[in-house]
């Protein structure tokens, strides 16, 4: 059952996102969200991290002996690269609804991440997390986080305030770091509960900005 739900979330949501973007004639926004993840993570961050570790014995030694610090670096760079990419791509969109733009962009970004990190691997493998349905929930919440972060970034783009870019880097880093720290200690359920709570707080903040933005742009 959990296996089927994971496939529906990780493969079905990107398809639904594409359909909605076409319906509202905002396919470019959805595509930018997809490209934002692919460029920031698959083309730049992950290859760069692998290259640095593989070609530096001192850094490899540091990673092996400083797991907590390394996890923080991974969380911070994830926020830095993804939110920078999000800002760059959203700056190249026309002025539109913060709600629709953030939703479709985040759906593209989070959807392709879910498809690559969980959807495709789950087709050929199964593990304990999958059996308990935690992957399904984690990906669903992660997509929600990307939607909220996209709304915050787009609000900053419209207002030409880069502090919102910095804010999202911090929020992204905190969400990743706290969740990973708890999960690496074996408390998977608690990790997802914490991740969900952080995402809800980010969502509340994004909702506040949407309401504030409507008075100016919509």
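Yes or no, residue by residue, for (1) under 29 Å from residue 23 (Cα atoms); (2) part of a helix (DSSP H, G or I); (3) modelled with pLDDT of 95 or more:
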{"site": "121", "(1), (2), (3)": "no, yes, no"}
{"site": "126", "(1), (2), (3)": "no, no, no"}
{"site": "174", "(1), (2), (3)": "no, yes, yes"}
{"site": "180", "(1), (2), (3)": "no, yes, no"}
{"site": "213", "(1), (2), (3)": "yes, yes, no"}
Determine which single condition residue 117 fails, assuming it passes every other condition in (1) more than 25 Å from residue 134 (Cα to Cα); (2) within 13 Å of the chain's Cα centre (by Cα); (3) surrounded by fewer than 20 Cβ atoms within 10 Å (Cβ to Cβ). (1)
Which residues, counting only those in the stretch 160-172, are assigned to a helix (DSSP H, G or I) and in contact with a helix residue (DSSP H, G or I) (Cβ under 8 Å, 6 or more places away or on another chain)? 163, 164, 165, 167, 168, 169, 170, 171, 172
Complete set of residues in the stretch 89-102 that are at pLDDT below 95 and crowded, with 24+ Cβ neighbours inside 10 Å: 98, 101, 102
Options 68, 43, 35; residue that is loosely packed, with under 15 Cβ neighbours inside 10 Å, modelled with pLDDT of 95 or more and at negative phi: 43
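The values are calculated or read from the model by the stated rules, or taken from the named source; none is laboratory data. Note that the structure is a prediction, hence the values are computed from the model and not measured. Quick reminder, even Gly has a Cβ in these numbers, built from the backbone with ideal geometry, and neighbours come from all protein chains shown.
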